[in-house]
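Okay, so here's the structure we're looking at.
The values are calculated or read from the model by the stated rules, or taken from the named source; none is laboratory data. What you see is a predicted model, and the numbers here were worked out from it, not measured in a lab. As a convention, Cβ positions derive from the backbone with ideal geometry for all residues, glycine included, and neighbour counts pool all protein chains shown. In case anyone asks, the SASA skips ligands and DNA or RNA and just uses the protein heavy atoms, side chains included. Shrake-Rupley method; radii C 1.70, N 1.55, O 1.52, S 1.80 Å.
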Amino acid sequence: MNISYKGQITFSQFINEHSQVITPLPEWAQVDKTLIEYYKLMVIARQFDNKAIALQRTGQLGTYASSSGCEAIDVVTASLMSKEDVLVPYYRNHVMQMIRGMKLSDILLYWGGDERGNSTAAQAEDLPNCVPIATQCLHACGIASAIKIRDQQRATVCMLGDGATSKGDFPEALNVAGVWQLPVVFIINNNQWAISVPRSLQSIAPTLAQKALGAGIRGEQVDGNDVVALHQSVEQALQRARDGKGPTVIEAVSYRLSDHTTADDATRYRPPEALKSGWEKEPIKRLRDYLHAQGWWQENNETEWLQQATQQIQEAVDEYLETPPQPVSSIFDYLYADLPAQLSKQRDIAVSRSQNQGQQQNHKEAQS
Amino acid sequence: MKSEEAICMVEAINLALHRAMQDDADVILLGEDVATNGGVFRATVGLKEAFGIKRVMDTPLAENMIAGLTVGMAVQGLKPVAEIQFMGFIFPAMEQIVCHAARMRNRTRGRLSCPLVIRAPYGGGIHAPEHHSESTEALFAHIPGLRVVTPSSPQRAYGLLLAAIQNPDPVIFLEPKRIYRSQNQHVEDNGKALPLDTCFTLREGSDISLISWGSMIKETLEAASQLADEDIQCEVIDVATLNPIDRETLLASVGKTGRCVIIHEAPITCSVGSEIASILATEALLDLRAPIARVGGYDTVMPYFRLEDQYMPHTDQIVDAVKRTLEFN
Ligand SMILES: Cc1ncc(C[n+]2csc(CCOP(=O)(O)OP(=O)(O)O)c2C)c(N)n1
Ligand SMILES: [Mg+2]
């Protein structure tokens, strides 16, 4: 019998969970500049995350999906993307949005239940957060098709979770990306959980990256807590896409350090030992210890940066909290290019109802 | 679970699932996060522990797969009860529901059938993220071969869910999550199903009929009791099964009162309310003494939650609609 096909999936790691270099570092990682940049971005991301959770707990933000544990993936990928590349995020990529220029206050606006968090100038051609799981994979292929049809040298980056790889949209997207050789990079944040469902119940395939092989495209696994491994894979995949050399699937192996969202309680289903081992591998401490050991980052740098981050985040929170809600007419104003006559009537009713409520409110306040 | 205590709707659903699984070994449960986690709203808590992972299954994340599996299980004679985590994520399952579940009996001339239930929490009012608050019951009510059922109290949730599971045809069982925990009732765990395809008259009155379902029953009952203080007697009808609709109860009520308001959360256009208005207009025209009034959602996308409250119909709108209808001569 002949072998018709034989595939393999590589796993790449440079700095391991003990902050030791196990693979010789590429040149850029032998100097401090980029690594420190990555570190600082991850720290601010984690600070922001803690703040957002605190806001939710005190009723000042809606349900929020934490980014704790995927900072390395988001920071490295967003940093390597050019302005012209297009980001197709899911709902856990606010760190990428921050790096691509979105104001933290606008990110809070989205999670605070306000559509304006999807409409900032900084987002340019990037898509807004995608909530229906895996649907964004096909949008990414459509965007990549547009890029290809117009002979542009841009890449599309599609973010998704491990759970999303089970939904038909994902293999459908890989398939068309392969057949049409689309300039798209799929990055799976394999954080081991889809709410309460562990990675092992999504698929018995040893890796998620190998799903690429079924579509005839490149797939690889990287340590999603190692900024160097991520940098190497993502940079190459982006370049391949821009050069018209086709799509790539990168499975970034990480760990969800938080509840699924603030509406979830992971203690119901996640053994504490699993979480503990997740924390032992997490990206920020790993890089901090490495930078310390190199003598590139000291206690005073840390203190200063934390202070700066805290202040920047507090300013964003203040701005968010001071943003008044949209007028009720906004429910109608973006539905169609031109509002149909029937809806103008409904709009008038909504506006007058809200004015009446406002008057009643003022009246009550005047009386008390 | 102790049935002597007053329980809320989500507990009543849980109780019905326990009872159905206890009474019938063919009843099995599947969905995302239903087994170990007990469902994101806790509706399936304890079932995995009671009946094991062969009958209570956490599935991979894929709604089309879930619906397709239930079709296959059902044609084998199992009675699958699938949970779609939120109604906003049911759309990948549409093909399986519409092209297969709803028509298996018909296309095999009764050789095969689909005694399946698809449960999904629906509706707004809990400040959820986008896609978690819509009311798209009309999409299902439009499909021949499906039953669409929605309860409005713990007792009806228990009885109607048992009925849905026992029913030999596919049932879309929509759970109004805004009232999952808003009312506690004593629910007797007697295994008794309530009838499907019948409306429930929750309050009798002679002046006007208020027709609603799901979570809006709460505001409708509030409006009725406020209006009673002004000596206006409202009849409140919970439609409960949105397809097939029990026309007799609606026609009899409007025959008596001559006036009606239809109340729901979904956008007004092409809604189940439109169908009810059409039934009344075609079959009760001579009984009507005022135009049919409607209180519903705007024909817009459900806004993110900061403006959600402005979208949802409120009690005062129902009261106003009743008064306008009564003033009509
Ligand atoms: C189509 C669809 N089904 C169900 C949900 C509810 N849901 C939200 S997140 C989630 C789990 C996603 O897990 P994964 O893809 O691993 O991403 P993670 O949140 O872990 O980053 C589920 C089931 C949804 N948003 N969309
Ligand atoms: Mg995941």
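Quick notes on this one:
- Computed from Cα positions, the angle between helix B:9-23 and the longest principal axis of chain B comes to roughly 40 degrees.
- Occluded residues from region B:126-147, i.e. those whose accessible area drops by 50 Å² or more once the chain is not alone (1.4 Å probe): B:E130
- The residues of the protein assembly as shown have, on average, 42 Å² of accessible surface per residue, using a 1.4 Å probe with all protein chains present.
- Crossing angle, helix B:247-257 versus chain B [Cα axis fit, 0-90 degrees, rounded to tens]: 20 degrees
- Residues of region A:173-209 buried by at least 30 Å² of accessible area upon assembly of all protein chains, compared with the chain on its own (1.4 Å probe): A:I195, A:S196, A:V197, A:L201, A:Q202.
- Within 10 Å of the Cβ of each residue in B:304-315, the mean number of Cβ atoms contributed by other protein chains is 5.
- Each peptide among B:228-236, B:267-275 gets the average number of other Cβ atoms lying within 10 Å of its residues, and from highest to lowest they stand as B:267-275, B:228-236.
- Within 10 Å of each Cβ in A:258-267, the average number of Cβ atoms from other chains: 2
- Cα centroid separation, region B:201-252 to region B:1-77 (Å): 32 Å
- Placing unit charges on the Cβ atoms only, positive for Lys and Arg and negative for Asp and Glu, gives region B:92-184 a dipole magnitude near 400 debye about its Cα centre.
- Antiparallel DSSP beta bridges within chain B, percent to nearest 5: 20 percent
- For region A:79-153, the list of trypsin sites (Lys or Arg not before Pro) that fall in a loop by DSSP and count at most 15 other C-beta atoms within 10 angstrom reads A:K83, A:R150.
- Residues of region B:264-299 that lose at least 20 Å² of accessible area (1.4 Å probe, protein heavy atoms only) when the other protein chains are present, relative to their chain alone, are B:Y298, B:D299.
- Gyration tensor verdict on region B:200-327 (Cα atoms; rounded if a/c is under 1.5, prolate if a/b is larger than b/c, oblate otherwise): oblate
- Sites B:K256 and B:E222 - FRET efficiency at Förster radius 22 Å, r taken between beta-carbons, to 0.05: 0.50
- Beta bridges by DSSP in the protein assembly as shown, antiparallel share as percent, to the nearest 5: 15 percent
- Chain A: angle of helix A:227-242 to the longest principal axis, Cα-based, in degrees nearest 10: 80 degrees
- The protection proxy used here, the mean number of other Cβ atoms lying within 10 Å of each residue, ranks peptides B:73-84, A:195-206 as follows, highest first: B:73-84, A:195-206.
- Counting only DSSP beta bridges with both residues in region A:11-321, the antiparallel share comes to about 10 percent.
- Area buried, chain B against chain A - accessible surface, total, 1.4 angstrom probe, square angstrom: 3100 Å²
- Accessible surface of region A:233-368 [probe 1.4 Å, protein heavy atoms]: carbon and sulfur percent: 49 percent
- Only one residue of B:G88, A:T207, B:H131 has its Cα farthest out toward the positive end of the dipole of the protein assembly as shown, where Lys and Arg carry +1 and Asp and Glu -1 on Cβ, and that residue is A:T207.
- 10 Å Cβ shell holding at most 14 others, DSSP loop, chymotrypsin sites (Phe, Trp or Tyr not before Pro): longest site-free stretch of chain A: A:6-333
- Here's the picture: a label point sits 7 Å out from the Cα of A:L335 along the beta-carbon direction, and within region B:261-294 the residues with their amide nitrogen under 11 Å of it are B:267-269.
- Legend: mean number of C-beta atoms from other chains within 10 angstrom of residue C-beta atoms, peptide B:54-62, equals 5.
- Candidate lysines - alpha carbon under 28 Å from A:K276, same-chain residues fewer than 8 apart omitted: A:K40, A:K51, A:K285, B:K48
- The calculated FRET efficiency for the pair A:A293 and B:D24, based on their C-beta separation and a Förster distance of 60 Å, comes to about 0.40.
- Ordering of A:166-178, B:49-61 by burial proxy (mean other Cβ atoms within 10 Å per residue, highest first): A:166-178, B:49-61
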